[in-house]
Amino acid sequence: MANEYIEWTAKEQLKEAMDEHGEYLIRLAYLYVKDWAAAEDIVQEVFLAYYQKAEQFQQRASLKTYLSKIAVNKCHDHLRSWKNRRSLFTESIGQLISRNKTPEEAVEQLSGQAVLMKKVLALPIHYREAILLYYYQEFTTKEISQVLGCSENTVKTRLRRAKSLLKEKIHAQEWEGLLDEQI
């Protein structure tokens, strides 16, 4: 009877975590992998890992930070996987073959936010994740250091370097305040 109660409690905790953080984690994973279906799969893996190892969560950080760290690690695994590399190769070949754009793609390309997001997503992964976690997910540099497993000064350096790289690629009005802001 006690075993059933523990299992029921774990399932309730998982359901609450999924309800509270699921959408956020999908958006976070999407910003890494740039594929909605892959992001959803990654988030399923995150919650499965959380369910299987819930007793390891020591509450040194918030549950959101803990789940984000798992998601970031799963995204890194996905980006390194052979399946992903093959998919990227196939996609780039497809783009070479089909140069024609749909009207929707043309409008999206002209959109300032879409252009900016593409430039952010084109940054090297360690700069991209710093920018995404800081500006899009609104994590503090301390929270980012916990998620990425590096020092807070490393996070600040990555943010400065990422902003420097973006400064070379974008016009100042495309991301108001970003280039002048002190971290």
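The numbers here are math on the coordinates, done by the rules we state, and not lab data. Treat the numbers as computed from the prediction; the structure is a model and nothing was measured. All Cβ positions, glycine included, derive from the backbone under ideal geometry; neighbour counts span all protein chains shown.
Convert each backbone phi in region 130-144 into a coupling constant with the Karplus relation 6.51 cos²θ - 1.76 cosθ + 1.60 (shift: θ = phi - 60°), then list the ³J(HN,Hα) values in order as whole Hz, x for Gly and Pro.
Karplus values, whole Hz, x for Gly and Pro: 5, 5, 5, 5, 7, 8, 8, 9, 6, 7, 7, 5, 5, 5, 4.
On a full-extension model of 0.36 nm per residue, what is the gain between ILE125 and ARG60, subtracting their alpha-carbon distance, rounded to one decimal in nm?
In short, 20.8 nm is gained.
Under a crude label model (7 Å from the Cα following the beta-carbon direction), how far is ASP41 from ARG80 in nanometres?
Calculated label separation equals 1.8 nm.
Which order do peptides 26-34, 136-144, 55-63 fall in by mean Cβ count within 10 Å, highest first?
Details: 26-34: 20.2, 136-144: 16.7, 55-63: 10.7.
Sorting 26-34, 136-144, 55-63 by mean packing, highest first, produces 26-34, 136-144, 55-63.
How about LYS169: which lysines have a C-alpha closer than 24 Å to its C-alpha, ignoring those fewer than 8 places off in the same chain?
By straight Cα distance, LYS169 reaches LYS34, LYS101, LYS118, LYS119, LYS156.
Please work out the FRET efficiency for the pair ARG161 and GLN52, using the Cβ-Cβ distance as r and a Förster radius of 30 Å; give the result to the nearest 0.05.
The formula returns an efficiency of 0.25 here.
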